[in-house]
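In what follows, a single structure is set out as structure tokens and then discussed.
The values are calculated or read from the model by the stated rules, or taken from the named source; none is laboratory data. All values reported here derive from a predicted model rather than from experimental measurement. For neighbour counting, all protein chains shown are included, and Cβ atoms are generated from backbone atoms with ideal geometry for every residue, glycine included. What goes into the accessible areas is simple: the full protein's heavy atoms, side chains included, and nothing from ligands, DNA or RNA. Shrake-Rupley method; radii C 1.70, N 1.55, O 1.52, S 1.80 Å.
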Amino acid sequence: MSYSVPREVVEGFYAAYAARDIERTAAFLDDDVHWTISGPVDLLAFCGIRRGKAAVLDMMRRQVAEVFSIYSFVTDTMLIEGDQVATFNRLSARMDEDGRVISYRLAHFMRFRDGKVVDNLSLIDSFDAAEQVLGYPLAGQSGEAEIEEATAP
């Protein structure tokens, strides 16, 4: 018989996660959780792969806080099928270095077992996040000018 995660469990996880309540979030993580955040590691050092509850909690508690302070995490869409969960979210934060506000989209693809997250894949809108963290567009004006010059009669 396959496992189906109750919606209340998923909503409980996201309530704790959105509130940045590390202790409550910890209760929803399997000891051997596999946590991947696919994003610009050079700019967001918390991106990458973590294995085990302690590593994931350290990332949430320390590594994220070294980059920015999250003040909002909103789940716009949630789909649950069996033990798998997919969400589409918006994260808003304040950069610690200069106080700028950034906001970007991300998706989570999770697998639960016995009420705990055993696998998470987070996909960040990397281009948008990178531009906001850097504070300038990556596709600068010079690229647009070069295109216009190349197509001019």
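Taking all protein chains in place and a 1.4 Å probe, what share, in percent, of the accessible surface of the chain do carbon and sulfur account for? Don't jump to the answer; show the numbers that get you there.
On the way: 4490 of 8440 Å².
Using a 1.4 Å probe with all protein chains present, the chain comes out at 53 percent carbon and sulfur.
For PHE88, what charge total do you get from the other residues with a beta carbon under 9 Å from its beta carbon, if Lys and Arg give +1 and Asp and Glu give -1? Kindly include the intermediate steps, with their values, before the conclusion.
Values: positive: ARG90, ARG105; negative: ASP76.
Local net charge: +1.
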Subject >> Å² of accessible area per residue within the chain, as computed with a 1.4 Å probe and no ligands counted >> reply: 55 Å²
